[in-house]
Amino acid sequence: MPRIRPFEEHLDEYENWFVENRLAYESELEAVRAHLPEGGRGLEIGVGSGLFAQPLGVGHGVEPSPRMRSVAAGRGIQVVEGVAEDLPFDDGAFDFALMVTTICFVDDARKSLAEARRVVRTGGRVVVGLVDRDSPLGRSYLEHQDESVFYRDATFFTTDEVLSLMEAVGLGSFRITQTLFHSLDRITRVEEPREGYGQGSFVVLSGEKKGSG
């Protein structure tokens, strides 16, 4: 079952996080943008209210939450109802697929990544952004998980775990970048993404679809 209730009931709180943490948000955008091709047909899986898709120029989205879909549509995203494990699109329909923090809310992470791979063309890329469970921010989220209306039922992953899952579904030629090198209250500027992982709390991985199928 998609975990939509917190986002249906607390949409304003969700949106306000990005306003109150604008520099962290913009840092995350830059880290994701570094992985996206110029142009091409893109899909964001778990598009939410469109806060990443819109500024990144991702034209299509899939989202199980009706309230989120409505807001995303208002931001110009062509959004349809659906879940990550069963995407309502043909094989190879997109040049790239994007998942930002979505992976911690899906029921089956491996199946979700396999579906993301399926709907991108051969040579296209699947891009995954996450808060690394082993990072300072990830450990803080875990410590206070029961207090968060959004993360109470989330499953946090390490970068290595997601990389292994992406490899398992047939992605390769990986690139990894990271950002958020300080706690949220100590970020004073937009942080430029760095290659690799292990220092920044927000990590972006992208892998290429090799072959067909």
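Some points to look at:
- For the range 152-186, taking the residues that are under 25 Å from H10 (Cα atoms) and not acidic (D, E), the one that is surrounded by the most Cβ atoms within 10 Å (Cβ to Cβ) is identified as L180.
- Qualifying residue in the range 72-84 (condition: surrounded by fewer than 17 Cβ atoms within 10 Å (Cβ to Cβ), basic (K, R), farther than 23 Å from M166 by Cβ and over 15 Å from the mean Cα position of the chain (by Cα)): yes
- Some residue of the range 131-151 being surrounded by 20 or more Cβ atoms within 10 Å (Cβ to Cβ), touching a helix residue (DSSP H, G or I) at 6+ places or on another chain (Cβ under 9 Å) and under 23 Å from A53 (Cα atoms): yes
- Boolean, E63 is within 17 Å of the chain's Cα centre (by Cα), within 21 Å of L51 (Cβ to Cβ) and of a type in the set (D, E): yes
- So G48, is it under 19 Å from L11 (Cβ atoms), in a loop (DSSP other than H, G, I, E, B) and touching a residue at least 40 places away in the same chain (Cβ under 8 Å): yes
- Flag for G48 being buried (at least 18 other Cβ atoms within 10 Å of the Cβ), over 30 Å from D185 (Cα atoms) and within 14 Å of the chain's Cα centre (by Cα): no
Computed from the coordinates by the stated procedures, all read-outs in this text should not be read as laboratory data. These figures come from a predicted structure and were not determined experimentally. Don't worry about glycine lacking a Cβ; one is built from the backbone with ideal geometry, like all the others, and counts go over all protein chains shown.
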